[in-house]
Amino acid sequence: MPAPRFFGNRGIADSLFRMAAANRLPQTLLFAGPAGIGKATLARLLAAGINCDRGPARPCGECSACLRILAADLFRAEYRKQLEERAKLPAAKRSESPLIVSTHPDFLIFPPDGPLRMIQIEQARRLRQAARYNPSEGRRRVFVIDRADRANPEAANALLKTLEEPAPALTIILIAENPYELLPTIRSRAIPFYFAPLASDEVERFLATREEIPPEERGRTAAWSGGSPGRAVALDIEEFIRRREAMLTLLQTALGAVEFARLAGEMQSFTRAGGGSIESAAEMLYSLLRDLLRIKLGAGGVLTHADIRADLAPLAERAAFEWVERARAQTAELEKLQRRNIQKQMALEALALDLRASA
């Protein structure tokens with residue numbers, strides 16, 4: 001099969017493939033940017049191109065090395081299901097067998113593990129051990145640390161030791177949504193590349209290559225994805241609408257447009273229905289707050305939630321700029337609570353009350 005097309009951030013992709021073709025690829029790369037915009041995809045394409053039978057260049061997508069490396073797509077349903085099942089295991093059981101994904105001996109992925117999705121010390125130790133060896137089949141080994149900004153302190157320090165003494169034929173790619181949560185000493189040893197979200201029309205072109213997205217849903221899905229092809233493919237429309245209704249009610253309560261009793265009922269049904277994580281709730285709040293600002297400023301461009309503009313416009317009139325900034329900062333604090341495994345309904349209701357007091 002031909003190699004998959006890479007959508008968006010073409011300048012970054014072209015630069016990296018030129019480096020690979022000239023055998024001048026840095027030993028540590030940092031791919032930073034929002035989730036699902038192609039950072040892991042480009043890491044796979046780069047690793048495949050380096051070890052392609054016709055390379056080093058762009059991957060052909062047909063040789064054995066390309067097929068095996070490109071198969072390690074953690075967005076695939078089978079991988080997502082395996083990771084969800086693994087997160088239910090006791091911590092001791094997960095520690096016995098650190099999470100590493102490998103479909104080619106010279107390409108290893110270290111994803112975040114467990115219900116809190118953290119890079120664990122056991123994974124960092126295995127990475128350090130594996131980093132000692134030369135390539136067994138290809139030209140160069142490529143290790144990908146997905147969500148390296150989620151490494152716990154012990155794992156981060158162990159990773160730093162590996163970066164201080166990198167093997168000659170090894171490239172480590174750190175993937176991070178927030179690179180500033182990495183240790184400064186780790187950032188200083190990596191060449192950074194900052195990925196931007198894709199425009200809606202770019203996401204639509206990407207969705208046109210996916211059979212599982214009906215043509216009539218591509219426009220709405222692209223808008224709701226926030227410029228993230230990965231999020232667009234994984235989007236559960238019914239769950240998305242349920243989460244949006246809950247977070248819209250939270251903002252309406254915080255701005256005094258509805259009574260708290262309505263929020264309590266909405267949060268109760270939202271959490272009982274699953275409702276996703278605190279992290280996914282925070283992502284929804286960010287997108288709603290962005291649209292509030294766009295409406296308030298009369299800014300151009302397409303709203304993420306254009307279909308509920310009639311609900312957002314009255315809130316934009318109520319919300320002062322200072323309040324929106326406070327809401328953004330408080331949402332960032334809410335995300336940090338994810339790692340403490342705090343009760344979701346209580347955290348969201350507390351956020352609404354705090355913002356209402358400052359409205």
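Values computed for the structure shown
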item: Tally of residues being crowded, with 24+ Cβ neighbours inside 10 Å and farther than 19 Å from Leu108 by Cβ across the stretch 46-63; result: 0
item: Meets criteria (modelled with pLDDT under 95, buried (at least 19 other Cβ atoms within 10 Å of the Cβ), small (Gly, Ala, Ser) and touching a strand residue (DSSP E or B) at 6+ places or on another chain (Cβ under 6 Å)) for Ala151; result: yes
item: Subset of the stretch 300-331 that is within 16 Å of Ile278 (Cβ to Cβ), touching a residue at least 40 places away in the same chain (Cβ under 8 Å) and not charged (D, E, K, R) - its residue that is surrounded by the most Cβ atoms within 10 Å (Cβ to Cβ); result: Ala327
item: Among the residues listed as Leu355, Leu293, Leu289, the single one being in contact (Cβ under 8 Å) with a residue 60 or more places away in the chain and surrounded by 13 or more Cβ atoms within 10 Å (Cβ to Cβ); result: Leu355
item: Criterion violated by Ala43 - all others in (1) buried (at least 17 other Cβ atoms within 10 Å of the Cβ); (2) modelled with pLDDT under 95 satisfied; result: (2)
item: Odd one out for Ala20 among (1) at positive phi; (2) over 20 Å from the mean Cα position of the chain (by Cα); (3) of a type outside the set (Phe, Trp, Tyr); result: (1)
item: Unmet criterion (only one of (1) within 27 Å of Lys336 (Cβ to Cβ); (2) assigned by TED's automatic domain parsing to the domain that holds Glu322; (3) in contact with a Pro (Cβ under 7 Å, 6 or more places away or on another chain)) for Thr271; result: (3)
item: Those residues of the stretch 241-259 which are part of a loop (DSSP other than H, G, I, E, B) and among the β-branched types (Val, Ile, Thr), in sequence order; result: Val258
item: Conditions (1) under 29 Å from Arg318 (Cβ atoms); (2) in contact with a Pro (Cβ under 9 Å, 6 or more places away or on another chain): number failed by Ala208; result: (1)
item: Selection count where residues are in contact with a helix residue (DSSP H, G or I) (Cβ under 6 Å, 6 or more places away or on another chain), outside any helix (DSSP H, G or I) and in contact (Cβ under 8 Å) with a residue 24 or more places away in the chain, scope the stretch 34-66; result: 7
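The values are calculated or read from the model by the stated rules, or taken from the named source; none is laboratory data. What you see is a predicted model; the values in this text were computed from it and never measured. All Cβ positions, even for glycine, are placed from backbone atoms using ideal geometry, and neighbour counts span all protein chains on display.
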